[in-house]
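The structure under discussion appears below in the form of structure tokens.
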Amino acid sequence: MVNIRNIEKSEVKQVAHLEDLCFPENERASLKTISYRVSQAPELQLGLFAPTEHTTTLIGHLMATRTSSESVTVESMSKHKPTGNNIAIHSLSIHPAHRNRGYAKQLIKELQFRSGKTLSPKPRNMTLLAHKPLIPLYEEVGFKLMGESACKFGGDTWYDMIYEI
Ligand SMILES: CC(C)(COP(=O)(O)OP(=O)(O)OC[C@H]1O[C@@H](n2cnc3c(N)ncnc32)[C@H](O)[C@@H]1OP(=O)(O)O)[C@@H](O)C(=O)NCCC(=O)NCCS
């Protein structure tokens, strides 16, 4: 049985390791960026943990920040604005050995639940940048496609998606 909880400062290296496994170099978050997010916005960094014999292991994560921008910008990736109206999702990663079990959707749904119930001030929207093949995954959890993004993070083409909280 997996468990979702906030990532702790002592776990940033595990998160960085999972980023390395899941993303090409031009798209992954650095240890510095991960540490910043965990220290400035711990409530928006979710880890998915699987039980092992004596402990639990991080097998997935979702990282986000608050922003006043209506879509994800490169600036929002390394800058958390605590009073920003919107939540920008920057990373969703599931260890390759644990994919296609609904864990990515579980992480998003957990953040959607927490955003509506426990975050203060209550955010208005959740935004993300998607690669084209993943648009249906995000639509399944309520995101709407807004079109091609002006953001060219990592030199790629991205699509803006938004979820109303
Ligand atoms: C994308 C990712 C997070 C999905 O994790 P997951 O736990 O396997 O996803 P879920 O089990 O919740 O959902 C699986 C669904 O997504 C679809 N999907 C996953 N990866 C896909 C891909 N690369 N292309 C097309 N569809 C994909 C599956 O076909 C499946 O569809 P279904 O629900 O209609 O059967 C995981 O593959 C990953 O970590 N990839 C590398 C990092 C990445 O690209 N992250 C997203 C951008 S931030």
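Structure notes:
- Its residue count N sets the reference 2.2 N^0.38 Å, and the alpha-carbon radius of gyration of the stretch 3-164 equals 0.96 times that reference.
- Around Ser93: net Lys/Arg minus Asp/Glu count, Cβ-Cβ under 15 Å: 0
- Bridgeable aspartates and glutamates around Lys32 (alpha carbons under 19 Å apart, same-chain partners fewer than 8 residues away excluded): Glu8, Glu11, Glu19, Asp20, Glu43, Glu75.
- Using θ = phi - 60° and Karplus 6.51 cos²θ - 1.76 cosθ + 1.60, couplings along the stretch 130-135 (whole Hz; Gly, Pro as x): 10, 6, 3, x, 8, 4
- Residues whose placed amide H lies under 5 Å from that of Cys151, excluding near-sequence neighbours: none
- Taking the stretch 29-165 and dividing mean pair separation by its residue count, relative contact order in percent (alpha carbons under 8 Å, at least six apart): 20 percent
- In terms of other Cβ atoms within 10 Å, His98, His80, His131, His54 run from fewest to most in the order His54, His131, His98, His80.
- Charge dipole (the chain, unit charges on Cβ, about Cα centre) - positive-most of Pro121, His90, Gln45: Pro121
- Rounded to the nearest 20 debye, dipole of the stretch 3-164 from Cβ charges on Lys, Arg, Asp, Glu: 420 debye
- Reducing the stretch 108-165 and the stretch 5-43 to their Cα centroids gives an inter-centroid distance of 19 Å.
Bear in mind that the values in this text are calculations on the coordinates, not laboratory data. Note that the coordinates shown come from a computational prediction; the quantities given were computed from them, not determined experimentally. Positions of Cβ are backbone-derived with ideal geometry, glycine not excepted, and every protein chain shown enters the neighbour counts.
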